Amino acid sequence: METVLVVGAGQSGFGVATSLRDKGFDGRVVLIGDEPGLPYQRPPLSKGYLAGTAGDAQLRLRPEDFFAEKGIELIPGRVASVDRDGAKVVLEDGSAHEYDHLVLATGAANRVLPVPGSTLDGVFTLRTKDDADVLRAALENAENVVVVGGGFIGLEFAAHAGRPVTIVEAQDRLMARVATPEVSAYFAALHEGAGHTILLGKGVAALHGDGRVAEVELSDGGRLPADLVLVGVGVEPRTRLAEEAGLAVANGVVVDEHLRTSDPKISAVGDCANFPCVQAGTATRLESVQNAVDQGRAAAAAIAGEPAPYDSLPWFWTDQLGAKLQIAGILTGAEKVVVTGDREGGKFSVLSFRDGVLAGVESVNRPPDHIAARRLFAADPAPRFETLEANGFDLKATFAATRG
């Protein structure tokens, strides 16, 4: 019986396993996860779960009986090595598991703040349910909260912390890696309106305290009192297994359009995979639920004998202080933007163009725009600036015109 072994029980690994069954694969499907319990989703950890409005049941991807019904074997444990010659993986407990096809869905790990004091008590990162549990408990008694990093995780934490926090960001604006200046400015005003302090263009030089953090020293010499520090300065793909197995690695595990690695018996998906992105026009590694889910399906289809080039449209979202930001497409390299809607009223979209073609759309509290943008991108090719201009930059009207 053919065996597909999936290392990593997060969103992407879970997607591979379930999609194999959906495709009619009748061999063994084994899902190895390095966290205890059932596979769960991570987005609520920095939102409802942190705020206490979502519990364990809302985190689980499926109940326990689902896996038995689908014939998906769950094995808890951490993989120590991949033996490509023997077509098996070895766990840290010494047990070995053979495979006919291996899928690496190892995800990413939080970057550590490379400064003195980063290991003091009271300094946290947020990636797992255990992280969220410890952080939520620590928040109850925290008085001076500092967030290092103004990306999605740091800002979502700030939005759900239930108290004013200080956000320290080394770039000159929030969410600089993923959003346009127009959207960054809107969310900065939103957080400041909620009582948060935002310090831009400032790095962290050190964390001070006697066993427990008490102060954050900034790169300009300033100091902030702090008894809780959340570090959200990005992630690194978890590629150790791939590297030690001799697979090609470059900002993630390198895969082709079918998500196959340099070894045709091994695929890689999700946050750890560096794949040829059609929308970006170059090799890209994406950190999003959409990418994890869609790559899981695509890898499963290839394994099941139905390969198709992976070309899913990237999209992302974040919820902060009552505002939902939805992004469709890739904004990198855009040279022109157009803002539509009511920015002052908190319902607007930003259209980004690269080489005269629509490259990405950010929608704040305008779900219909987001849906229309995804439909426009799916229609292929994406509309040019002149086409949208002729329709008043109305995404729904432009989609209707392209269909007409």
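Which FRET efficiency, nearest 0.05, do Ala378 and Asp22 yield, Cβ-Cβ r, R0 22 Å?
FRET efficiency, Ala378 to Asp22: 0.55.
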**Request:** Identify, among Phe393, Gly346, Leu120, the residue whose Cα sits farthest towards the positive end of the charge dipole of the chain, taking +1 on the Cβ of Lys and Arg and -1 on the Cβ of Asp and Glu, with the dipole about the Cα centre.
**Result:** Phe393
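Could you quote the convex hull projected area for the range 322-402, Cα atoms only and averaged over all directions, in nm²? Please report the intermediate quantities before stating the final value.
Numbers: hull surface 19.5 nm².
Result: a mean projected hull area of 4.9 nm².
If you take the alpha carbon radius of gyration of the range 260-382 and divide it by 2.2 N^0.38 Å, what ratio comes out, to two decimals?
Working: Rg = 16.0 Å, N = 123, 2.2 N^0.38 = 13.7 Å.
The reported ratio for this selection is 1.17.
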**Message:** Tell me which of Leu207, Val4, Gly305 sits at the most positive position along the dipole axis of the chain, charges placed on C-beta atoms (Lys, Arg +1; Asp, Glu -1).
**Reply:** Gly305
**Item:** Extension gain from Asp65 to Glu35, taking 0.36 nm per residue of separation minus the Cα-Cα distance
**Value:** 8.9 nm
**Message:** How large is the direction-averaged shadow of the alpha-carbon convex hull of the range 123-231, in nm²?
**Reply:** 6.7
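Once you charge only the Cβ atoms, +1 for Lys and Arg and -1 for Asp and Glu, what is the size of the charge dipole of the chain about its Cα centre, to the nearest 20 debye?
I would put it at about 800 debye.
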**Request:** Return the calculated 222 nm mean residue ellipticity for the chain, to the nearest 500 deg cm²/dmol, obtained by summing -39500 (n - 2.57) across DSSP H runs with n ≥ 4 and dividing by the residue count.
**Result:** -7500 deg cm²/dmol
**Request:** Please work out the FRET efficiency for the pair Asp355 and Ala397, using the Cβ-Cβ distance as r and a Förster radius of 30 Å; give the result to the nearest 0.05.
**Result:** 0.85
**Karplus 3J(HN,Hα) series, Hz, for the range 49-54 with 6.51 cos²θ - 1.76 cosθ + 1.60 (x for Gly, Pro)** = 5, 4, 7, x, 9, 10
**Message:** Considering just Cα atoms, how many Å³ per residue does the convex hull of the range 239-317 enclose?
**Reply:** 80
**Prompt:** Of Ala382, Leu325, Gly356, whose Cα points farthest to the positive end of the dipole of the range 322-402 (charges on the beta-carbon: +1 Lys, Arg; -1 Asp, Glu; origin at the Cα centre)?
**Reply:** Leu325
**Message:** For a quick check of your reading of the filter: which GluC sites (Glu not before Pro) in the range 298-379 sit in a DSSP loop and have no more than 16 other Cβ atoms within 10 Å?
**Reply:** Glu335, Glu344
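Over the range 91-239, what relative contact order in percent results from Cα pairs under 8 Å that are six or more residues apart? Write down the numbers at each step before the final one.
Working: 261 pairs, mean separation 52.8, N = 149.
Dividing the mean separation by the residue count of the range 91-239 yields 35 percent.
Return the equivalent ellipsoid semi-axes of the range 1-149 as a descending list in whole Å, where each equals the square root of 5 times an eigenvalue of the C-alpha gyration tensor. Walk me through the intermediate numbers first.
Working: eigenvalues 222, 78, 25 Å².
The three semi-axes for the range 1-149 are 33, 20, 11 Å.
Restricting to the chain, compute how many DSSP beta bridges are antiparallel as a %, nearest 5. Let's see the in-between values first.
Values: 49 of 82 bridges.
Bridges in the chain are about 60 percent antiparallel.
Of all the Cα-Cα pairs you can form in the chain, what percent are over 38 Å apart?
That fraction is 25 percent.
Express in nm, to one decimal, how much length is gained between Gln290 and Asp121 on full extension, taking 0.36 nm for each residue of separation and deducting their alpha carbon distance.
Computed gain between Gln290 and Asp121 is 57.4 nm.
Based on the Cβ-Cβ distance of Glu98 and Ala390, what FRET efficiency does E = 1/(1 + (r/R0)^6) give at R0 = 56 Å, to the nearest 0.05? Don't jump to the answer; show the numbers that get you there.
Values: r = 59 Å, r/R0 = 1.06.
Efficiency at R0 = 56 Å is approximately 0.40.
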**For the range 1-65 versus the range 86-103, the gap between their alpha-carbon centres in whole angstrom** = 19
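Leaving ligands, DNA and RNA out of it, report the carbon-plus-sulfur percent of the accessible area of the chain at a 1.4 Å probe.
Exposed carbon and sulfur together represent 48 percent of the surface.
Once the other residues with Cβ under 12 Å from the Cβ of Val289 are scored (Lys, Arg +1; Asp, Glu -1), what is the net sum?
On the way: positive: Arg42; negative: Asp271, Glu287, Asp294.
Taking every Cβ under 12 Å from that of Val289, the sum is -2.
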**Request:** Would you mind working out the accessible area per residue for the chain, using a 1.4 Å probe, and quoting it in Å²?
**Result:** 44
**Asked** What are the lysines whose alpha-carbon lies under 24 Å from the alpha-carbon of Lys70, with same-chain residues fewer than 8 places away excluded?
**Response** Lys23, Lys88, Lys265
**Asked** Roughly what would the spin-label model give for Lys265 and Leu321, points 7 Å off Cα along C-beta, in nm?
**Response** 5.4
**Item:** Full-stretch length increase - Met1, Asp130 - with 0.36 nm per residue and alpha-carbon distance subtracted
**Value:** 42.8 nm
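The values are calculated or read from the model by the stated rules, or taken from the named source; none is laboratory data. Nothing here was measured: the structure is a model prediction, and the numbers come from that model. Don't worry about glycine lacking a Cβ; one is built from the backbone with ideal geometry, like all the others, and counts go over all protein chains shown. Just the protein is used for accessible areas: all its heavy atoms, side chains included, with ligands, DNA and RNA removed. Shrake-Rupley method; radii C 1.70, N 1.55, O 1.52, S 1.80 Å.
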